[in-house]
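Participant: Below is the structure I would like to discuss, written out as structure tokens.
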Amino acid sequence: MIKVFGHLSPDTDATTAAIVWSWYLNEHTVGEATAYVLGELNSETSFVLQRFGFAVPELLPPLTLGESVVVVDTNNPQELPENINEMNLLALIDHHKLVGGLTTQTPTDITIKPVACTATIMYDLMSAEGIIIPTNISGLMLSAILSDTLGFRSPTTTPHDKDVAEKLASTLGIDVTAYADEMFTAKSDISSFTDTGLIKLDSKKYNVGDKNFRVSVIETTNVVTVLDRKEGIIEAIKTCIEEEGDIDDVLFFIIDILNENATVLTYNDLTKQVISASFGVAVEADTEILPGILSRKKQILPALKL
């Protein structure tokens, strides 16, 4: 059995990509595959799975030496099981920069393309084989592209992502704008998550100089609902730093999808210092609004400095 999975803190792309590729392996190859996730899903992803009739994948169990796996939507070993390099990595499909650190037991099928979404790559791979993609799988792929591009607002969006999304939407008879609004409304419901859950819901660890940060992002159409929980989130951040032991601080960004900006919590000297140095702003309060900032991958992480 092949285990297919994406990164920790799974988003819509990582989750649906695992489902899509396990379907492909089961239906169009001799492999038997199962999709897994590496954490709790956000409310948008849960909405998408329900919308197209899929159950939430099980959490990935501990891997044993030599198991066959396929990794999607990441090539960063920090976002994968600790023993990933002991697995039989059959394939990797991703759209992020190559960070290094993964090793394989045998030659591996690796596809990394400069697009906004793993689903776009999978669409191309399957189209090249002439595969007819069923409605429910098409729905997952469309949802992933709209999620990763924030409805084509994100600077990571390429013309090809938009073209693929529009082809899928046309096949499905879905209005892209209206459906994206539904997804983002679902994503903005954070009522079921604890403050700690919000910190880890969409989060990546990242080194800045001699400091290691957890860079967390919440994408929403209602920033106020997140800021209303600011004090609790800050306390949860302090607990997170103490319990994890390998991070110096948490940079918590609230992405306003509709107004196309980011509000970042600048609650202590270190967060004020890194946001001031990175984005050229004079930080004084415990939050700072950064106009035009929507993408962690393209705008936040590359800018971070001390």
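Conditions (1) more than 19 Å from the chain's Cα centre (by Cα); (2) hydroxyl-bearing (S, T, Y), marked per residue:
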residue	(1), (2)
T16	no, yes
S43	no, yes
P77	no, no
E86	yes, no
T106	yes, yes
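Participant: Then there's this: What number goes with the only condition from (1) within 23 Å of the chain's Cα centre (by Cα); (2) touching a residue at least 60 places away in the same chain (Cβ under 8 Å); (3) surrounded by 15 or more Cβ atoms within 10 Å (Cβ to Cβ) that K305 does not pass?
Facilitator: Failing condition for K305: (3).
Participant: Is it the case, given these coordinates, that D210 is surrounded by fewer than 18 Cβ atoms within 10 Å (Cβ to Cβ) and of a type in the set (D, E)?
Facilitator: Here the answer is yes, as D210 does meet what is asked.
Participant: With (1) over 24 Å from the mean Cα position of the chain (by Cα); (2) assigned to a helix (DSSP H, G or I) as the list, and Y267 as the residue in question, which single condition is left unmet?
Facilitator: Y267 satisfies every listed condition except (2).
Participant: If I ask for residues that are under 24 Å from K97 (Cβ atoms), β-branched (V, I, T) and in contact (Cβ under 8 Å) with a residue 40 or more places away in the chain, which ones from the range 111-144 would you list?
Facilitator: V115, T118, T120, listed by residue number.
Participant: How about the range 149-242: which helices (runs of 4 or more DSSP H) wholly inside it have at least 2 residues that are in contact with a Gly (Cβ under 6 Å, 6 or more places away or on another chain)?
Facilitator: none
Residue by residue, here is whether (1) basic (K, R); (2) in contact with a helix residue (DSSP H, G or I) (Cβ under 7 Å, 6 or more places away or on another chain); (3) in a loop (DSSP other than H, G, I, E, B); (4) outside the structural domain of T171 (by TED's automatic domain parsing) holds:
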{"site": "E27", "(1), (2), (3), (4)": "no, no, no, no"}
{"site": "T34", "(1), (2), (3), (4)": "no, yes, no, no"}
{"site": "S46", "(1), (2), (3), (4)": "no, no, no, no"}
{"site": "V71", "(1), (2), (3), (4)": "no, no, no, no"}
{"site": "L90", "(1), (2), (3), (4)": "no, no, no, no"}
{"site": "G100", "(1), (2), (3), (4)": "no, no, yes, no"}
{"site": "G130", "(1), (2), (3), (4)": "no, no, yes, no"}
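The values are calculated or read from the model by the stated rules, or taken from the named source; none is laboratory data. Not measured: the values here are computed from a predicted model. Cβ atoms come from the backbone with ideal geometry, glycine included; neighbour counts cover every protein chain shown.
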